[in-house]
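Data first, discussion second: the structure below is written as structure tokens.
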Amino acid sequence: MISNKTFTMIKPDAVEKGHVGAILNKINVSGFRIVSMKMTQMSQRDAELFYAVHKERPFFGELVSFMSRGPIVAAILEKENAVDDFRTLIGATNPEEAAEGTLRKQFATSMGENALHGSDSNENAEIEGAFHFSVRDMF
Ligand code: CMP
């Protein structure tokens with residue numbers, strides 16, 4: 001079995017609406033093990049750095065102010081085929097296109113306020129996890 005890791009954030013919209021418990025339960029019953037987890041708030045600068053790859057996109061300013069407006073729950077998750085399986089679990093970026101049973105179908109309201117982040121590659125999972133956690137915080 002190849003077990004690997006992904007990184008997620010439960011975004012400010014989902015935290016504000018009280019969906020953290022339901023989302024974590026779905027993550028657990030879907031077979032992901034929580035390696036690291038914390039509630040934190042990103043500064044504007046943190047959000048700019050985290051999403052630097054999108055800095056030329058028209059929605060960058062909106063994305064940075066949204067992601068820094070309130071607390072998030074950041075976590076590293078482990079499972080066989082973690083990156084792809086987690087992206088399947090959360091569903092499409094646009095909740096209108098997200099499949100039935102996915103977390104974004106259930107909890108997201110728009111393309112911007114889409115409840116969760118999931119890494120798009122093993123390499124980015126590593127980079128994004130290290131943005132929020134030190135090795136001491138990985139269990
Ligand atoms: P995420 O998976 O965290 O990665 C980049 C984020 O940019 C994405 O989720 C959305 O929250 C946001 N995003 C992508 N496309 C758009 C868009 N067209 N308008 C606003 N936000 C977007």
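The values are calculated or read from the model by the stated rules, or taken from the named source; none is laboratory data. This is a predicted model, so every value here is computed, not measured. Here the Cβ positions follow ideal geometry from the backbone for every residue, glycine too, while neighbour counts run over all protein chains shown. What goes into the accessible areas is simple: the full protein's heavy atoms, side chains included, and nothing from ligands, DNA or RNA. Shrake-Rupley method; radii C 1.70, N 1.55, O 1.52, S 1.80 Å.
Being more than 16 Å from the ligand (Cβ to nearest atom), touching a helix residue (DSSP H, G or I) at 6+ places or on another chain (Cβ under 6 Å) and among the polar types (S, T, N, Q), is that true of even one residue in the stretch 24-33? Yes, some residue in the stretch 24-33 is more than 16 Å from the ligand (Cβ to nearest atom), touching a helix residue (DSSP H, G or I) at 6+ places or on another chain (Cβ under 6 Å) and among the polar types (S, T, N, Q). Filter the stretch 1-32 down to the residues that are under 18 Å from Gly112 (Cα atoms), open to solvent by less than 30 Å² (accessible area, probe 1.4 Å) and not in a helix (DSSP H, G or I) and list them by number. Thr8, Met9, Ile10, Lys11, listed by residue number. Looking across the stretch 56-93 at every residue that is of a type outside the set (A, V, I, L, M, F, W, C) and in a strand (DSSP E or B), the one that is farthest from Phe133 (Cα to Cα) is identified as Glu80.
Remark: pairs (first residue in the stretch 56-70, within 14 Å of Arg45 (Cβ to Cβ) and hydroxyl-bearing (Ser, Thr, Tyr); second residue more than 11 Å from the ligand (Cβ to nearest atom) and open to solvent by less than 20 Å² (accessible area, probe 1.4 Å); Cβ separation under 6 Å; 6+ apart in sequence or on different chains) = Ser68/Met42.
Among the residues of the stretch 64-81, those that are open to solvent by less than 50 Å² (accessible area, probe 1.4 Å) and over 16 Å from Lys38 (Cα atoms) comprise Val64, Phe66, Lys79.
Identify all residues within the stretch 31-45 that are of a type outside the set (Lys, Arg), within 18 Å of His132 (Cα to Cα) and touching a strand residue (DSSP E or B) at 6+ places or on another chain (Cβ under 9 Å); write none if there are none.
Once the filter is applied, which keeps residues that are of a type outside the set (Lys, Arg), within 18 Å of His132 (Cα to Cα) and touching a strand residue (DSSP E or B) at 6+ places or on another chain (Cβ under 9 Å), the stretch 31-45 yields Ile34, Val35, Ser36, Met37, Met39, Thr40, Gln41, Met42.
Taken over the stretch 85-139, the criterion of being at positive phi and either exposed (fewer than 13 other Cβ atoms within 10 Å of the Cβ) or touching a Cys at 6+ places or on another chain (Cβ under 7 Å) (or both) is satisfied by Gly101 alone.
The set of residues in the stretch 103-139 being within 9 Å of the ligand (Cβ to nearest atom) and not in a loop (DSSP other than H, G, I, E, B) consists of Leu116, His117, Gly118. On the basis of being within 17 Å of Lys17 (Cβ to Cβ) and not polar (S, T, N, Q), does Val73 make the cut? For Val73, the condition - within 17 Å of Lys17 (Cβ to Cβ) and not polar (S, T, N, Q) - is met.
So which residues in the stretch 35-55 are outside any helix (DSSP H, G or I) and in contact (Cβ under 8 Å) with a residue 60 or more places away in the chain? Scanning the stretch 35-55 gives Val35, Ser36, Lys38, Thr40. Given the conditions (1) over 18 Å from Ile23 (Cβ atoms); (2) free of Cβ contacts under 8 Å to residues at least 60 places away in the same chain, which single one is not true for Asn81? Result: Asn81 passes all but (2).
Matching residues to (1) away from the ligand (no atom under 14 Å from the Cβ); (2) buried (at least 17 other Cβ atoms within 10 Å of the Cβ); (3) at pLDDT below 95; (4) at negative phi:
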| position | (1), (2), (3), (4) |
| --- | --- |
| Met39 | yes, no, no, yes |
| Met42 | no, yes, no, yes |
| Leu49 | no, no, no, yes |
| Ala52 | no, no, no, yes |
| Glu56 | no, no, no, yes |
| Glu62 | no, no, no, yes |
